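Everything below concerns the one structure shown next.
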Amino acid sequence: MIRLLKLSLAALAAVSLTATAALAHPGHDGGLVGGLAHPFTGLDHLLAMVAVGLWASQLGKRAMIVLPLLFPAVMAAGALMGANGIALPWVEAGIVASVVILGAVIALGVQPSLAVSAALVGVFALFHGHAHGTELPAAGSALMYGVGFIAATLALHAIGMGIGIAAKRPLAMRYAGGAIAAAGLVLIILPH
């Protein structure tokens with residue numbers, strides 16, 4: 001199990017080192033399929049959403065319910081803000097910060113109260129949602145795109161929780177968090 005986790009982390013590091021700005025926010029296809037696909041095509045979103053699941057598994061059962069449900073709910077609110085032209089400062093910085101900070105809290109084993117954890121996840125979800133609300137595809141149904149995006153987000157949270165549950169060793173979780181934080185640092189230096 002540890003060997004598989006190390007190989008996975010090495011692959012994650014290799015992907016993050018080859019990422020380009022185009023991987024951050026590629027063009028969107030409208031509708032359900034476009035919404036389902038998008039979180040898997042943007043490295044920043046993929047890492048942050050998996051990290052929410054990892055951190056929730058590290059925090060315990062209550063967090064494994066609250067955080068993965070809170071993220072898409074607040075993300076949807078952020079998307080509505082963005083789609084309606086309501087400005088939110090530092091969106092791109094907030095998205096990249098979500099990857100670095102979530103990775104760091106996992107790596108460091110930070111376990112604040114559920115309220116503090118939820119507040120942090122909520123802020124990051126608002127940034128992610130706002131970015132997608134402002135970038136909604138012109139073609140296709142925005143509602144179906146949102147449904148697909150939320151379903152994919154829940155799947156990525158579940159993947160993170162599954163990895164966290166399977167890891168069973170705090171050191172493995174810390175390595176995973178460190179790899180996510182390192183990938184976030186790479187995203188900071190890439191031109192947007």
All conditions in (1) over 11 Å from the mean Cα position of the chain (by Cα); (2) within 21 Å of residue 170 (Cα to Cα) are true of residue 50 except (1)
Tally of residues being open to solvent by 60 Å² or more (accessible area, probe 1.4 Å), in contact (Cβ under 8 Å) with a residue 12 or more places away in the chain and of a type outside the set (Gly, Ala, Ser) across the stretch 130-154: 5
Enumeration of residues in the stretch 60-92 that are farther than 17 Å from residue 45 by Cβ and within 17 Å of the chain's Cα centre (by Cα): 63, 64, 65, 66, 69
Looking at 37, 48, which is the one that is surrounded by fewer than 19 Cβ atoms within 10 Å (Cβ to Cβ), in a helix (DSSP H, G or I) and among the small types (Gly, Ala, Ser)? 37
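So, of the residues in the stretch 163-192 that are outside any helix (DSSP H, G or I) and of a type outside the set (D, E, K, R), which turns out to be least open to solvent (accessible area, probe 1.4 Å)?
Selected residue: 190.
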Specify the residue that is most open to solvent (accessible area, probe 1.4 Å); the eligible residues are those in the stretch 77-112 that are over 19 Å from residue 177 (Cα atoms) and outside any helix (DSSP H, G or I). 90
From the list 148, 160, which one is touching a Leu at 6+ places or on another chain (Cβ under 8 Å), in a helix (DSSP H, G or I) and under 22 Å from residue 101 (Cβ atoms)? 160
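The values are calculated or read from the model by the stated rules, or taken from the named source; none is laboratory data. Since we're looking at a predicted model, the values are computed, not measured. Methodologically, a virtual Cβ is constructed for each residue, glycine included, from the backbone with ideal geometry; neighbour enumeration extends over all protein chains shown. For the accessible areas, the whole protein counts, side chains as well, though only heavy atoms, and no ligand, DNA or RNA atoms are used. Shrake-Rupley method; radii C 1.70, N 1.55, O 1.52, S 1.80 Å.
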